[in-house]
Amino acid sequence: MSLTDGINKAPGAAPDTATVAITTTEIVPANTNRQWVFITNVGAEDVFIAIGQPAELNKGMVLRSPDGSIVLDTTSCPTGAVNGIVAANTSAVIFQESA
């Protein structure tokens, strides 16, 4: 299985983008059919993420700036919303997920 198997986009399509703020921000909506999700921080601030609950600073997983990434796959892939928060300013993230 490749990373793009079951993707919700046309082959070669650009990933989706979200801007994470200083309050909990939904990065990836809940998806009960999700098999994997890939998220990369392309912004200037570290992004703290939480799954299925509000994100909190200095808790949970952190995507370091720049290019901190996480892949949640079939063995650990949650279906709840993925939320993020930053300490200051905003930070852009890109993501792709399975169907």
>> I'm trying to understand the selection: among the residues of segment 55-85, which are of a type in the set (A, V, I, L, M, F, W, C), part of a strand (DSSP E or B) and in contact with a Pro (Cβ under 7 Å, 6 or more places away or on another chain)?
In response: 72
>> Out of 88, 30, I need the residue that is surrounded by fewer than 12 Cβ atoms within 10 Å (Cβ to Cβ) and in a loop (DSSP other than H, G, I, E, B). Which one?
In response: 88
> Applying the selection to segment 18-31, what residues are polar (S, T, N, Q) and either modelled with pLDDT under 95 or at positive phi (or both)?
Replying inline: 31
>> Return the residues of segment 34-59 that are more than 13 Å from the chain's Cα centre (by Cα) and either touching a residue at least 60 places away in the same chain (Cβ under 8 Å) or surrounded by fewer than 16 Cβ atoms within 10 Å (Cβ to Cβ) (or both); say none if nothing qualifies.
In response: 35, 44, 53, 54, 56, 57, 58, 59
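The values are calculated or read from the model by the stated rules, or taken from the named source; none is laboratory data. The shown structure was predicted, so the numbers you read here are calculated from the model rather than taken from an experiment. With ideal geometry, Cβ positions are generated from the backbone for all residues, glycine too; neighbour counts draw on all protein chains shown.
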